[in-house]
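Read the structure below first, then the notes.
The values are calculated or read from the model by the stated rules, or taken from the named source; none is laboratory data. As the structure is a computational prediction, the values presented were derived from the model and not from experiment. Backbone-built Cβ (ideal geometry, glycine too); neighbour counts: all protein chains shown.
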C-alpha cells in the first residue's frame, strides 16, 4: 500500500513539473505550450529520448531556455536541457517551415519517381534537440471497399486500423485540409493495392553479365574467322575481347535499368488474407507513406478527436 502511494505521489510530482507555468514558452502555435508524443514524432524533437511523454520550454534567463522532458521508460524521470535563446528561435523558425522544408528536400525515397517540386538539400539541423528521417514515400494506392467504392490517392498514413489517402495533385509543402483526405478503416477494405518501386539490381546485373559475355564472345569469334584482318597474340586478343565485353556490359546494364524503371511493381492485399493489416505488414508499408513518422498536429487532432 505504501509503495503504491509512493508511486502515485512521484507520478503527481512529475506531472506537476510539466504543467505549463507562467514562464512557459510556446514553441509553436502548431504545438502549444506542451509537446506531446505525436508532435515530438512528427517534428523529430528529442529523438534520442526513449519513452517520451511530454516536454515544455521554460524561460531560464534573457539568453537561455530550458527544455524539461518527461519520460516513462526505462524509468519515470524528468530531464532538463539548456538552449541558447538564439538556438531556441532557430528551432521555432524550422518548425514553422517544417512541412515545406521536408517536402522540397532531396533526401526522399526513390527521387526519380517523385513527380513534382524543386528539391534542395536538407539544411543543417538548428539544434541537437531535433533530428529526423526526411525520406518519405510518394506512392499511388487504390482501395476497394466492401460496399463497392473505389478510392485512389497518395498513401499518407497507415496503421493496422486506418488508411489515409491524399489527393495526387496537391502541394504537400502545406498541410492538407482533412476534408481533402480519404480516411478508410481497414475493416471496410476488400482490396488494397500499392505501386511500389522496382528493385533494378537484378535487371542491372543480368544486363551487365549478358552484355559482357556477348561482347567478349563476339570479339573471339570474329578473330577466329579465316578472313579476319591481321593476327593477334593470345594476350592481346583476350584483352581486346574484355574491353569490348565491358562496353557491352555497360550497355546491357543501362538497358536493364531502363526496363526495371519503366515496369510497375503492384502489390495487392486482400480482405481475409492480408487485411486487416498485421503489424508486420503495416511496418513494411509505412516507409512508403508520406507521413511515415506520424501525422502533422493539425491532422492528428482532427483524425483522432
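Descriptive notes on the structure:
- Residue within region 170-184 that is in a strand (DSSP E or B), at pLDDT 80 or above and over 30 Å from residue 94 (Cα atoms) present: yes
- When region 267-302 is filtered for residues that are loosely packed, with under 12 Cβ neighbours inside 10 Å and either closer than 15 Å to residue 163 by Cα or modelled with pLDDT under 80 (or both), the ones remaining, listed by number, are 268, 272, 273, 278, 279.
- Test: residue 6 is surrounded by fewer than 17 Cβ atoms within 10 Å (Cβ to Cβ), assigned to a helix (DSSP H, G or I), in the same structural domain as residue 79 (by TED's automatic domain parsing) and modelled with pLDDT under 90: yes
- Any chance residue 225 is over 24 Å from residue 136 (Cα atoms) and modelled with pLDDT under 65: yes
- Residues of region 26-37 satisfying the condition of being surrounded by 17 or more Cβ atoms within 10 Å (Cβ to Cβ) and not in a loop (DSSP other than H, G, I, E, B): 35
- The residue of region 68-93 that is surrounded by the most Cβ atoms within 10 Å (Cβ to Cβ), among those that are in contact with a helix residue (DSSP H, G or I) (Cβ under 7 Å, 6 or more places away or on another chain) and closer than 19 Å to residue 32 by Cα, is 70.
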